[in-house]
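J.: One structure, as structure tokens, below. Some questions next.
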Amino acid sequence: MTIKRIYGSVCVAVFCLLAISCGNGQRTIKFEGICADAPQGTCGLYNPGRGFRLETALDVALDKDKPAKQLAQLSEKYASDSVSLSQSYFYLTFLADKILTENDFATMQAYFDELRRQGKKSVLRFAYEKDFMGRSPIGPTAEQILRHLDQLKPILQDNKDLILVVQAGLIGAWGEWHSSIHGLENSLEAKRAILEKLLDVVPQEKNVQVRVPEYKNILKDKPELYKRISFHDDFIVIRPDRWDGDMHEGTSHFNQIVKESPYLVVDGELPWGFWSVGADPDSPSAGWIIDGMQAARRLFLQHFTSLSVIHNYKEQHANNQSDENNPPRYSMMVWKETMINEDSLKKYNMPVSAGYFRLKDGSRTERNVFDYVRDHLGYRLELQSLQMPAALKTGKENPMKLTLINRGFATVFGEHTIHPVLIDNTGRVTELDAALVNPIDWQPFDPSDPECKPLLHTISLTCNLPENMASGKYRLGLWIADASERLMYDSRYAIRCANGNTTWTVAEGGRYGINVLTEVSVENK
């Protein structure tokens, strides 16, 4: 297989790569962050299971012939925004009183297959009712929901590697647990039964998100279930509002999410821009721009992994009748014009990535809020240093120590394997022993630390080279792969580190996805 070089940005002067000889046949390599004017700085890093997300809706009964069309169109429209996730609504509207058939599951599977073709994962939600305030013509009973959940267990298990998280959904308008035709949101018994069943059918390693903490608290008496329940805030507006679920700062709901979110996948969205910005001039919400800096601060405090890039940005909506050639300035467009600097982030103890406010020539610069949110949702792994032998010996252990800082808002979720690899001058990749480390432990900071000082994480590697490995020059790389067998060798599901002096390489056919760290010599013992 042949490795092709994608690109590597090197910040000059103080941001250059430092290789320091330490004596005793050892050397230490220092890594730097990404400068603002590097290609990765302006476009963002495409990384799996984090960042901005799309929003798609599939009516399982009606969309038999077009389950993936919307996903493909949106993926193209938002390609410049480094989007690796899609919120996936599976509407069972016209199937509430029916048993799901093989054709229904084939429709859902076709969507998952397209998701994999796009290199994305799902924030999954099942729902029935598509309208609001009693206008939905039909809706399920609690018994019908429970019956469907039992049927859905196999397809959830079969596609668990493509699912980042499952949202509770199912009840009420858009699955938001309000305005259901049968009033299920008013029945504690129904809500508890549905939530427990959902946690039973969703793979055990996955979180289930609820709209507000009070729904999670229904299961406070069952700690094993409780700890798997996370949050999706579907109305991020910062200032208090009657629709915000009592989740603005200073409320018990807000504080509960801050406390529990370091260990959970958290998702959210702004309101629709046509409502908050383009509303009727007489509406109190008209011209409501969601404050970008304060939104970024909330995403940081509550460890958000993902955020809708559809709402209040380049949105398309049936209720939006604006001129496509002269669209309203929605909130995220304003975020692109709202500049921040290192000091404005440090004021709130928010993460500052190395080199992020520097140009390649070393001079200071500002960045906009949109880019900052895009780059720091979820994880952002910055390698710091590598200690290794001056040369690698075949037939013996070659211990290495790699350190990194997670500059993102949240830790890494999902199962991954971490391998050092060697690439020869023909592009052939040799996989070495996997490291015994779980990336979910790579918290940005200790949640109990009020100053939010970044944590330094260490990966211990033991590179046992094959006895028959040819001596010569190789490139040493770090391959952080999805642990799923069908995704492992797809480079779009490998994690790319946020360093300007490493090179990202992909093997022929889109395989691997390797952070190349340095060149090494291999010597026969």
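The numbers here are math on the coordinates, done by the rules we state, and not lab data. Because the structure is predicted, anything quoted here is derived from the model rather than measured. Glycine gets a Cβ as well: all are built from the backbone with ideal geometry, and neighbour counts include every protein chain shown.
J.: Taking 7 Å along the Cα-to-C-beta vector as the label spot, tell me the Arg428-Asp221 distance in nanometres, rounded to one decimal.
T.: It works out to 6.4 nm between the two label points.
J.: Quick check on the chain: helices-only [θ] at 222 nm, where DSSP H runs of length 4 and up contribute -39,500 (n - 2.57) each and the sum goes over total residues. Nearest 500, please.
T.: On the way: 13 runs with 110 residues, N = 525.
It lands at -6000 deg cm²/dmol.
J.: Please compute the net charge surrounding Arg192, taking Lys and Arg as +1 and Asp and Glu as -1 over other residues with Cβ under 13 Å from its Cβ. Could the numbers behind the result be given before it?
T.: Numbers: positive: Lys191, Lys197, Lys216, Lys220, Lys222; negative: Glu185, Glu189, Glu196, Asp200, Glu214, Asp221.
That works out to -1.
J.: On full extension of the chain, what length is gained from Leu436 through Asp150, given 0.36 nm per residue of separation minus the C-alpha to C-alpha distance? Mind showing how you got there, number by number?
T.: Numbers: separation 286, 0.36 × 286 = 102.96 nm, distance 3.58 nm.
The span from Leu436 to Asp150 would gain 99.4 nm if fully extended.
J.: Another question about this same structure. All other residues with a Cβ under 10 Å from the Cβ of Ala110 taken together, and with Lys, Arg as +1 and Asp, Glu as -1, what is their net charge? Don't jump to the answer; show the numbers that get you there.
T.: Values: positive: Lys64, Lys66; negative: Asp63, Asp65, Asp113, Glu114.
Counting the neighbours of Ala110, the net charge comes to -2.
J.: Could you work out the relative contact order of the chain, using alpha carbon pairs under 8 angstrom and six or more residues apart, expressed as a whole percent?
T.: Details: 1193 pairs, mean separation 96.5, N = 525.
Relative contact order, the chain: 18 percent.
J.: List the pairs from Lys69/Lys120; Lys153/Lys191; Lys191/Lys259; Lys120/Lys473; Lys121/Lys153 whose alpha-carbon separation is above 26 Å, in the order I gave them. Mind showing how you got there, number by number?
T.: Working: Lys69/Lys120 15 Å; Lys153/Lys191 19 Å; Lys191/Lys259 24 Å; Lys120/Lys473 35 Å; Lys121/Lys153 18 Å.
Table pairs above 26 Å Cα-Cα are Lys120/Lys473.
J.: At q = 0.07, 0.09, 0.10 Å⁻¹, what log₁₀ I(q)/I(0) does the chain have when each alpha carbon counts as one equal point scatterer in the Debye sum?
T.: Reported log10 I(q)/I(0), two decimals: -0.41, -0.67, -0.82.
J.: Another question about this same structure. Given the Cα-Cα distance of Asp65 and Lys346 and 0.36 nm per residue of separation, how much length would full extension add, in nm?
T.: Computed gain between Asp65 and Lys346 is 96.1 nm.
J.: Further question: In nm, what is the difference between 0.36 nm times the number of residues separating Glu189 and Lys473 and their Cα-Cα distance?
T.: Details: separation 284, 0.36 × 284 = 102.24 nm, distance 6.60 nm.
This chain segment gains 95.6 nm when fully extended.
J.: If you rank His253, His457 by fewest surrounding Cβ atoms within 10 Å, what's the result? Could you put the intermediate results ahead of the total?
T.: Values: His253 20, His457 17.
By the 10 Å Cβ count, ascending, the order reads His457, His253.
J.: Can you pull the one-decimal nm distance between simple spin-label points at Glu415 and Glu523, each 7 Å off the Cα toward Cβ?
T.: 4.1
J.: If you don't mind, there's one more thing I want to ask. In whole angstrom, note down how far apart the Cα centers of region 335-378 and region 418-491 are.
T.: Value for the Cα centre distance between the two parts: 27 Å.
J.: Which of the lysines could a cross-linker span from Lys347 if the Cα-Cα distance has to be under 19 Å and same-chain partners fewer than 8 positions apart are dropped?
T.: Straight-distance partners of Lys347: Lys453.
J.: Under 14 Å from the Cα of Lys66, which aspartates and glutamates turn up, not counting those fewer than eight places away in the same chain?
T.: Asp104, Asp113, Glu114
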